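Below you will find the structure I want to go over with you.
The values are calculated or read from the model by the stated rules, or taken from the named source; none is laboratory data. What you are looking at is a predicted structure, and each value in this text was computed from that prediction instead of being measured. Please note: Cβ atoms are built from the backbone with ideal geometry, for glycine as well, and neighbour counts cover all protein chains shown.
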Amino acid sequence: MDEAKTDVLAFTPFPHPTGQKIWSNTPIERLNKEIKRRADVVEIFPTPAAFLRLATAVVIEAHDEWQVTRRYLSEVSMAELRKVIAAKQAAAEPVAEQRQIA
């Protein structure tokens, strides 16, 4: 667990609302509920491939919706993220230069 600490806490340097969205798995949970809801309507699938086609159709529909109408992170949030990433890169550059010198 100690080795994975940096990966698990990677969202913490980001501003609060954005970091919370990065950390959350709510969109995946919603997608899984939608697949389950539609599968419950059908009740019995003749083959596993039939279920796979239904689940694929739901995922494609959700993808199209997110491509066109919805945004998980707004333009303002993305601008804040770019600032955080730029600051992290600027802070990492002196360390990389010191390693090259040594």
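Given the conditions (1) under 23 Å from Phe11 (Cβ atoms); (2) within 16 Å of the chain's Cα centre (by Cα); (3) at pLDDT 75 or above, report the number of the one that Arg71 does not fulfil.
Only one criterion is unmet by Arg71, namely (3).
Name every residue in region 74-91 that is in contact (Cβ under 8 Å) with a residue 24 or more places away in the chain and out of contact with any Phe, Trp or Tyr (no Cβ under 6 Å at 6 or more places or on another chain), in order of residue number.
Selection gives Ser77, Glu80, Leu81, Lys88.
Being over 26 Å from Glu65 (Cβ atoms) and at pLDDT 80 or above is true for just one of Ile44, Ile35, Ile28. Which residue is that?
Ile44
Considering only region 23-49, how many residues are of a type outside the set (D, E, K, R) and part of a helix (DSSP H, G or I)?
Going through region 23-49 one residue at a time, the tally reaches 12.
Another one. Among the listed residues Ala91, Ala4, Ala87, Ala10, which satisfies the condition of being modelled with pLDDT of 75 or more and either surrounded by 10 or more Cβ atoms within 10 Å (Cβ to Cβ) or of a type in the set (Val, Ile, Thr) (or both)?
Ala87
Taking Lys21 and the conditions (1) in contact with a helix residue (DSSP H, G or I) (Cβ under 9 Å, 6 or more places away or on another chain); (2) modelled with pLDDT of 75 or more; (3) of a type in the set (D, E, K, R), which numbered condition does it fall short on, given that it satisfies the others?
(2)
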